[in-house]
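The values are calculated or read from the model by the stated rules, or taken from the named source; none is laboratory data. Quick caveat, the model's predicted, so the values are computed rather than measured. Quick reminder, even Gly has a Cβ in these numbers, built from the backbone with ideal geometry, and neighbours come from all protein chains shown. Note: accessible area is taken over every heavy atom of the protein model, side chains too, but ligands, DNA and RNA are not part of it. Shrake-Rupley method; radii C 1.70, N 1.55, O 1.52, S 1.80 Å.
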Amino acid sequence: MTIASDNGQGDPTLVLMHFFGSSHHEWEAVLPLLDQRYRVITLDMPGFGRASDVAGFDVASMTRHVEQCVDDAGLDNVILVGHSFSGRIAMTVAADRPAWLHALILIAPSPPGPQSIAEEEHRFQLDFDFSEAQARQFIDGASEVSLAPTLYQQAVEDAINANPSAWRAWPTTTHAEDWRETVGKLPYPAWVLVGDRDPSLAPETQRSEVMPHLPQGKLEVFPGYGHLLPMEMPETLAERLNAIAAEIR
């Protein structure tokens, strides 16, 4: 089981998942701001963070990984929070209708269908050499505002330490998997949060490729922010997570 942290108590439980190339560390500035009335768990995806040695980098394997972690922890009344590539995984988990799932919060999620990646970004991902210079370029390219120094350095280290096979899987095959039919229309309350300057998964992408799968979904756009909302705007994001948890409770 690759649960990295477990804090607070009570219902609901927020299960936080990270963006591609990151780890549970992306939530470090958000966690202290979350209401202790709720249990909050951070989860590392296969190939990243404490799950760097866990195999299975396709969508089906990552879906099973998340479900197994939640099942093993005996969780109930879960709000699944997915960021970027793990946002797609949150939707494929939801498609299985687990009894413990009650709502989704998707932060700049990858769509269920094949994700369009700009040619330059795609080539960068394919040729990534795990150097500090390229890790900095990766983080700089995803964020619109300056990150706190400790968060920035941890994000760089997470990218450097990613499992190369997990990294290569995304730009090679996983981004192109098509789960639209499986996901269909999900019968859950859902919130999609995205920065208006997101360079990869902009509000337009969310409206056209994600929201049709979420008939109970609400799209919220945050002006002036990029792709890394948990690190770019931790206070605002924590406020939204607390409010949503209170609404679901």
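Restricting to the chain, compute how many DSSP beta bridges are antiparallel as a %, nearest 5.
15
Using a 1.4 Å probe on the protein heavy atoms, what percent of the accessible area of the chain belongs to carbon and sulfur?
47
Hey, with R₀ at 30 Å, roughly what FRET efficiency would ALA99 and HIS122 work out to, going by the Cβ-Cβ distance, to 0.05?
Between ALA99 and HIS122 the formula returns 0.20.
Considering only protein heavy atoms, what per residue accessible area in square angstrom results for the chain with a 1.4 angstrom probe?
Dividing the accessible area of the chain by its residue count gives 40 Å².
What 222 nm value per residue comes from the helices of the chain, counting each DSSP H run with n ≥ 4 as -39,500 (n - 2.57) and dividing by all residues, nearest 500 deg cm²/dmol?
After summing the helix terms and dividing by residue count, I get -10500 deg cm²/dmol.
With Cα extents along the principal axes in Å defined as stated, name the option among [x] 44, 39, 37; [y] 45, 44, 35; [z] 55, 38, 35 computed from the structure displayed.
So the structure-derived entry is [x].
I'd like to know how the stretch 93-218 sits against the 2.2 N^0.38 Å rule of thumb: what's its Cα Rg over that expected value? Working shown, then result.
Numbers: Rg = 16.1 Å, N = 126, 2.2 N^0.38 = 13.8 Å.
That works out to 1.16 for the stretch 93-218.
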